[in-house]
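The values are calculated or read from the model by the stated rules, or taken from the named source; none is laboratory data. Note that the coordinates shown come from a computational prediction; the quantities given were computed from them, not determined experimentally. Counting neighbours? That spans all protein chains shown, and the Cβs are built from the backbone with ideal geometry, glycine included. The area values use the complete protein model at the heavy-atom level, side chains included, leaving out ligands, DNA and RNA. Shrake-Rupley method; radii C 1.70, N 1.55, O 1.52, S 1.80 Å.
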Amino acid sequence: MSALARLTGWLPLPGRPREAGLPVRAPRYAGATLPGRVQGFDQPLLWVTVALLAFGLVMVYSASIAMPDNPKFARYSHTHFLVRHAWFLLLAFLVAVLAFQVPVATWEKVAPYLFIASLLLLAIVLIPHVGKGVNGARRWLGFGLMSFQPSELSKFAVLLYAANYMVRKMDVKERFFRAVLPMAAAVGVVGVLLLAEPDMGAFMVIAVIAMGILFLGGVNARMFFLIAAVITVAFVLMIAGSEWRRERIFAYLDPWSEKHALGKGYQLSHSLIAIGRGEIFGVGLGGSVEKLHWLPEAHTDFLLAVIGEEFGLVGVLTVIVTFLWMTRRIMHIGRQAIALDRVFAGLVAQGVGIWMGFQAFINMGVNLGALPTKGLTLPLMSYGGSAIMMNLVAIAVVLRIDNENRSLMRGGRA
C-alpha cells in the first residue's frame, strides 16, 4: 500500500491540486497529496509551543523575583509578575481556543475589517488620558486587570490583510501601481501611527511581514527588492533624523565606552555581562546576578540574557534551535496549504512563520549584541499580556490551517 500511495501521488488524479498552476512561490511538496498521518492538527507544534510557554513562565518568575526589593516596585509581592503572567497565559489560552474554532474562510472575510479596527485602536492609543504611557511611550490601552497593546493586534491584522490582499490582486501582481503601491500605502499608515507612539520595533516587524507575504504571493522579484530598498532607506532616514535613535546606534557600536556604558549602552553592556557569566552551562536556575537590579527589563526584552546567565550557552542554543524548528514547521504547514490550492491559508501560515522567526531573531540579536537595542519581546516567552495573547492566536490559526489541510487530504472538506 505504501508503494501504491507513492505511485499514485505522482498521477494527475481528478480533484488533485497541481502545483504547476499555483500563482505563488511554493516549493514542491509531494507529501501534500498523501493522506494525513495524524488526524486533528500538528501535535509536535502544539507541544513545542506549550514547552516555550512553560519555560517562559519559569524564567519570568526567575527574572522578576527580586524586583520588589526596588523601591519602585516595593508594593508588589515577589510572585506578582509570576501570578500576572500565569493569568495572561490562561486568558490567552482561552482566546486561542476560540480562535481555533474559526474557519480560515471566516478569517479571510473579516481581514479588511480587522485591519481597520487595528488602525482605529492605534489612533485611540495616541489620545491623551486614553492611551497609557510608560517610559515616554504611549502604547497601551487600560482594560482593568491588563493593558492591551494595539501594535500586537496590528501585526496579526496586517498579516491577514496582506494575505487577503494578495489573493484579491493575484491577477495584477506584476503591476507595481495596482498590486504593490496600495499595500505599501496601507503599511505606511500603520507605520505613521506606530512611530507616533513611538514603536519602531513593531513597525519593523509589520513591514517585514507585509514584504514577506508580497514576495511569497508572487510579486515580481525586482519590485520586491525595490520595496526592500525603499524601506531600508526610510529606516535609515528615520534613524538619521532622530537624535535618540542615533545615540542608540552609537551605543550599540561601542557599549563599553565611558559615554555609553551608563547611558544608551547600559542595557546592552549588562546583557553581555549576564551572557558572559553563564559560560557553557550557566550558574543555575535562580542564580543570576544581573537580574538583581543591574539589567533593566530582565523579564521582558532581555529575558534571553537571564536565560544565558542561568543556563549558559546550552540554554541559549536550545531556545534558538526551538524557534528555528518552530518557524520551519509553520512554513511547512503554509507550503502544504498552498500545495492544496489554499493560497490565503498558506500565506497566513507563512506570515506567522515570518512573524515568529523575525521577531525572535531581532530579540536574540539585541540580547547578544549583534543588533542595536530595540523594544521587542521574545515571542511566547517574555512577560506581557497582549503579546502572549496575539502570539497564541496566531499559532491557533496555524493549527486550524493544518487541521483543514489534514481534512482535505483525508477526502473531507475544509
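Annotations for the structure displayed:
- Among the residues listed as Ala240, Ala305, Ala251, Ala261, the single one being closer than 30 Å to Pro71 by Cα and either surrounded by fewer than 18 Cβ atoms within 10 Å (Cβ to Cβ) or free of Cβ contacts under 8 Å to residues at least 40 places away in the same chain (or both): Ala261
- Among (1) without any contact (Cβ under 8 Å) to a residue 40 or more places away in the chain; (2) under 26 Å from the mean Cα position of the chain (by Cα); (3) within 30 Å of Ala349 (Cβ to Cβ) - the single one Arg222 does not satisfy: (2)
- Which listed residue is open to solvent by 10 Å² or more (accessible area, probe 1.4 Å), modelled with pLDDT under 80 and not β-branched (Val, Ile, Thr), from Phe176, Phe203: Phe176
- Search result, residues across region 226-237 that are open to solvent by 40 Å² or more (accessible area, probe 1.4 Å) and either among the hydrophobic types (A, V, I, L, M, F, W, C) or not in a helix (DSSP H, G or I) (or both): Leu226, Ala229, Val230, Ile231, Val233, Ala234, Val236, Leu237
- Subset of region 377-414 that is assigned to a loop (DSSP other than H, G, I, E, B) and open to solvent by 10 Å² or more (accessible area, probe 1.4 Å) - its residue that is nearest to Phe323 (Cα to Cα): Thr377
- Being closer than 30 Å to Ala345 by Cα, touching a Leu at 6+ places or on another chain (Cβ under 9 Å) and not in a strand (DSSP E or B) is a description that applies to Val95.
- Residue, farthest from Trp325 (Cα to Cα), within region 44-57, restricted to residues that are aliphatic (A, V, I, L, M) and buried (at least 17 other Cβ atoms within 10 Å of the Cβ): Leu57
- Flag if Ile330 is under 23 Å from Glu279 (Cβ atoms), buried (at least 24 other Cβ atoms within 10 Å of the Cβ) and modelled with pLDDT of 95 or more: no
- Qualifying residue in region 143-153 (condition: without any contact (Cβ under 8 Å) to a residue 24 or more places away in the chain and either outside any helix (DSSP H, G or I) or buried (at least 19 other Cβ atoms within 10 Å of the Cβ) (or both)): yes
- Output for region 114-134, where each listed residue is under 20 Å from the mean Cα position of the chain (by Cα) and farther than 22 Å from Ala210 by Cβ: none
- Of all residues in region 333-358, those that are of a type in the set (Val, Ile, Thr), over 19 Å from the mean Cα position of the chain (by Cα) and crowded, with 24+ Cβ neighbours inside 10 Å total 1.
- Qualifying residue in region 92-113 (condition: within 30 Å of Arg245 (Cβ to Cβ) and either modelled with pLDDT under 95 or under 20 Å from the mean Cα position of the chain (by Cα) (or both)): no
- Condition check for Val38: part of a helix (DSSP H, G or I), surrounded by fewer than 19 Cβ atoms within 10 Å (Cβ to Cβ) and either at pLDDT below 95 or not hydroxyl-bearing (Ser, Thr, Tyr) (or both): no
- Residue within region 233-247 that is modelled with pLDDT under 80 and hydroxyl-bearing (Ser, Thr, Tyr) present: yes
- Which listed residue is part of a loop (DSSP other than H, G, I, E, B) and either among the aliphatic types (A, V, I, L, M) or touching a strand residue (DSSP E or B) at 6+ places or on another chain (Cβ under 8 Å) (or both), from Leu292, Leu324: Leu292
- Being surrounded by fewer than 19 Cβ atoms within 10 Å (Cβ to Cβ), outside any loop (DSSP other than H, G, I, E, B) and without any contact (Cβ under 8 Å) to a residue 40 or more places away in the chain is a property that does not hold for Gly315.
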